[in-house]
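So the structure is just underneath, and the comments pick up after that.
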Amino acid sequence: MDDPDAPPAGAPGEFVHARMIAPKTILYTDASGRDQIREGGSRSWRDCNAGNIRKGDFSINAGAIGDDGSFAIFPSEELGKAAIIALLKTSAYIKLTLKAAIFRYAPPSENNSDAYAKFIHEHTGIPLAAVLADLKAEDFRKIARTIQVIEGWKPGIIRANAPPAPLMNESIGVASSAASATQDWMAIARREAALPARERSEWPDPDENPRILYYFKIGAPWFEVAGGDEVDWCAAFVNFCLVTSGHMGTDHPGARSFYWNKKKQFHVLAGPQPGAIAVRRYAPFSDLKWATGTGHVGFVVSWTSSAVTLLGGNQGNTVCERTFPRLEKNSAGTKQSEFVAFLMPVIV
């Protein structure tokens, strides 16, 4: 994922990470960065979680690669059903009768447990008085398949994770169309900037601002924020605003990921526009791909011929507006920083 090059061509391999990116929409990603979206259908289908197993230590140990906020997401339907079997074989279940196990799995406070147990008995032929420890492997597979049915497995749409096609092909028209729709992510950015200072700023050690950590969780959930809220978080903030408003982010914690534009989810603009994403790079500049190195990213508020004002995160350790020179050199005339891209999300 931390690579400036686009993922290799071809169908995704085994998924290693998944998360909800919009209502009824789960994004799955493999180790090479190739991804796929499951959209619509039932929650159990979207999550590859045939038993609607809740997130937690058990699901992680059973192979979950993410969660939708409440329920675990597994990398495949097969592993989702295997998790049901693994759960029924734990010490909390294995000594119970089938009926008692179902009453624990689908408690009366949330389900019609009697009907649930009866359905499993009728469709598997396994007596409700049978003890799970006495069942054969095929019996467990039958139970898992039947639970999948009861939990409402209903397929939706599987599609590529790609930006929508623009309405217009002319670059000026596209940029204009996009600019007219910037109020959604800019409204979110302004809302964050209007929060009390402590809520939108880094906290002195050893405390960590949970709001900043949440930006990472939404904008780059695979990234381990080892340094807490002191890790550079400008890109996490921009991604948070984009994703929360229903647009594609970069799923990466670095400003350089916007410059990469790997999925072509951004139009490259000739210069700043209101609400555009502005990418600023710091020296060195020798690597044309910008595979490593630091930078800054934020949303354009205003500009002159020599400076750009951004609304962004990690600007003086907070969310605020701040003005940056378009080009900065040291006393020897060596370039120290420069705006290298102005971008607008693809919008239909």
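General remarks:
- Answer residue from the stretch 127-145, given it is of a type in the set (A, V, I, L, M, F, W, C) and within 23 Å of Leu79 (Cα to Cα) and is surrounded by the most Cβ atoms within 10 Å (Cβ to Cβ) among those: Ile143
- Taken together, the residues in the stretch 51-68 that are on the phi > 0 side of the Ramachandran plot and in contact with an Asp or Glu (Cβ under 7 Å, 6 or more places away or on another chain) amount to 1.
- Among the residues making up the stretch 206-235, a single one is under 19 Å from Ile65 (Cα atoms), β-branched (Val, Ile, Thr) and in a loop (DSSP other than H, G, I, E, B): Val225.
- So Asp35, is it modelled with pLDDT under 95 and on the phi < 0 side of the Ramachandran plot: yes
- Selected residue (criterion: farthest from Ile188 (Cα to Cα)) from residues of the stretch 313-331 that are in contact with a Lys or Arg (Cβ under 7 Å, 6 or more places away or on another chain) and touching a residue at least 40 places away in the same chain (Cβ under 8 Å): Phe324
- When Ile218, Ile147, Ile188 are checked against the criterion of being at pLDDT 95 or above and not acidic (Asp, Glu), a single residue qualifies: Ile147.
- Qualifying residues in the stretch 236-279 (those that are among the basic types (Lys, Arg) and surrounded by fewer than 21 Cβ atoms within 10 Å (Cβ to Cβ)) - the one nearest to His296 (Cα to Cα): Lys262
- Candidates are the residues of the stretch 172-185 that are more than 22 Å from the chain's Cα centre (by Cα) and not in a helix (DSSP H, G or I); the one that is modelled with the lowest pLDDT is Ser180.
- Taken over the stretch 34-58, the criterion of being in a loop (DSSP other than H, G, I, E, B), among the basic types (Lys, Arg) and touching a residue at least 24 places away in the same chain (Cβ under 8 Å) is satisfied by Arg34 alone.
- Of everything in the stretch 81-96 that is surrounded by 17 or more Cβ atoms within 10 Å (Cβ to Cβ) and touching a strand residue (DSSP E or B) at 6+ places or on another chain (Cβ under 8 Å), the residue that is farthest from Thr29 (Cα to Cα) is Leu96.
- Filtered residue count, the stretch 90-141, keeping only those that are of a type in the set (Lys, Arg) and in a helix (DSSP H, G or I): 4
Yes/no matrix, rows are residues, columns are (1) closer than 18 Å to Lys335 by Cα; (2) assigned to a loop (DSSP other than H, G, I, E, B); (3) touching a strand residue (DSSP E or B) at 6+ places or on another chain (Cβ under 7 Å):
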site: His247; (1), (2), (3): no, yes, yes
site: His252; (1), (2), (3): no, yes, no
site: Phe258; (1), (2), (3): no, no, yes
site: Lys262; (1), (2), (3): no, yes, no
site: Pro274; (1), (2), (3): no, yes, yes
site: Val300; (1), (2), (3): no, no, yes
site: Ser305; (1), (2), (3): yes, yes, no
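- Leading residue by the ranking (farthest from the chain's Cα centre (by Cα)) among those in the stretch 7-33 that are in a strand (DSSP E or B) and touching a residue at least 60 places away in the same chain (Cβ under 8 Å): Phe15
- Sole residue being within 30 Å of Val131 (Cβ to Cβ) and surrounded by fewer than 16 Cβ atoms within 10 Å (Cβ to Cβ), chosen from Glu14, Glu78: Glu78
- Index of the failed condition, Lys24 passing every other in (1) out of contact with any Lys or Arg (no Cβ under 6 Å at 6 or more places or on another chain); (2) surrounded by 18 or more Cβ atoms within 10 Å (Cβ to Cβ): (2)
The values are calculated or read from the model by the stated rules, or taken from the named source; none is laboratory data. Keep in mind that what you see is a predicted model, and the values were worked out from it rather than measured. Heads up, the Cβs are rebuilt from the backbone with ideal geometry, glycines too, and the neighbour counts pull from every protein chain shown.
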